[in-house]
Amino acid sequence: MTRSSMVALSLAFVAGAIVGHVAIPSTTAQAQAHKPVFMTRLYTGPDNQTHAEEVEVKFSAGSGNEGFKMMPVTAAELRRAPGGNFSDWHVGPRRQYVITLSGRGEIEVAGGKKIAIEPGHINLIEDLTGKGHITKVVGSEDRVTLQLPIADSAGR
């Protein structure tokens, strides 16, 4: 399987996970408003601390479906962390999307702010410098994530 085929297959899997866990369309009225979809962006602020903001995913109309164009990615990697796993203060290894497929987690950022992570949660990791964040798996179930490294400006 070529690298581009693997990325395409992974993105199709992600889309299925997101639709299955985050944006299940209503089967009633077509004109009914859709539930908003958000991703959590982690970034380093001017204080050298990691902060989090909820960013609404803005879908654009398509032929029968709505779409959201994510930033280009270079690969796809499934990761599994056991229940109770704890990663003390650390920065992201690279700009990437991290999408939780199963299990639950929690991220802690500056000021003790905690973000609950459930299946279907999308994180945009951009805190590559500074103090970083804490990540832990909540409960006894493994947390399985799909990590999608974002291409740099040269497309790598």
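The values are calculated or read from the model by the stated rules, or taken from the named source; none is laboratory data. Computed from a prediction, not measured in an experiment: that's the story for all the values here. In this analysis, Cβ positions are derived from the backbone assuming ideal geometry, glycine residues included, and neighbour counts consider all displayed protein chains. Protein only, heavy atoms only, side chains kept; ligands, DNA and RNA dropped before computing areas. Shrake-Rupley method; radii C 1.70, N 1.55, O 1.52, S 1.80 Å.
Of the residues ARG95, ARG143, which single one is among the charged types (D, E, K, R) and either over 12 Å from the mean Cα position of the chain (by Cα) or exposed (fewer than 14 other Cβ atoms within 10 Å of the Cβ) (or both)?
Details: ARG95 fails: either over 12 Å from the mean Cα position of the chain (by Cα) or exposed (fewer than 14 other Cβ atoms within 10 Å of the Cβ) (or both).
Selected residue: ARG143, the only one of ARG95, ARG143 that is among the charged types (D, E, K, R) and either over 12 Å from the mean Cα position of the chain (by Cα) or exposed (fewer than 14 other Cβ atoms within 10 Å of the Cβ) (or both).
Give just the number: which of (1) outside any strand (DSSP E or B); (2) exposed (fewer than 13 other Cβ atoms within 10 Å of the Cβ) does ALA116 not satisfy?
The single condition ALA116 does not satisfy is (1).
For LYS136, state whether it is in contact with a Phe, Trp or Tyr (Cβ under 8 Å, 6 or more places away or on another chain) and either open to solvent by 50 Å² or more (accessible area, probe 1.4 Å) or outside any strand (DSSP E or B) (or both). Walk me through it before giving the result.
Values: in contact with a Phe, Trp or Tyr (Cβ under 8 Å, 6 or more places away or on another chain): yes; either open to solvent by 50 Å² or more (accessible area, probe 1.4 Å) or outside any strand (DSSP E or B) (or both): yes.
Spelling it out, LYS136 is indeed in contact with a Phe, Trp or Tyr (Cβ under 8 Å, 6 or more places away or on another chain) and either open to solvent by 50 Å² or more (accessible area, probe 1.4 Å) or outside any strand (DSSP E or B) (or both).
Only one residue in SER10, SER4 is at pLDDT below 70, among the hydroxyl-bearing types (Ser, Thr, Tyr) and open to solvent by 70 Å² or more (accessible area, probe 1.4 Å), so which one is that? First the steps, then the outcome.
On the way: SER10 fails: open to solvent by 70 Å² or more (accessible area, probe 1.4 Å).
Just one listed residue meets the conditions, SER4.
Only one of these is of a type outside the set (Val, Ile, Thr), surrounded by fewer than 17 Cβ atoms within 10 Å (Cβ to Cβ) and either under 20 Å from PHE38 (Cβ atoms) or over 14 Å from the mean Cα position of the chain (by Cα) (or both): ASP88, ASP127. Name it.
ASP88
Kindly indicate whether ALA76 is buried (at least 16 other Cβ atoms within 10 Å of the Cβ) and under 21 Å from PRO149 (Cα atoms).
yes
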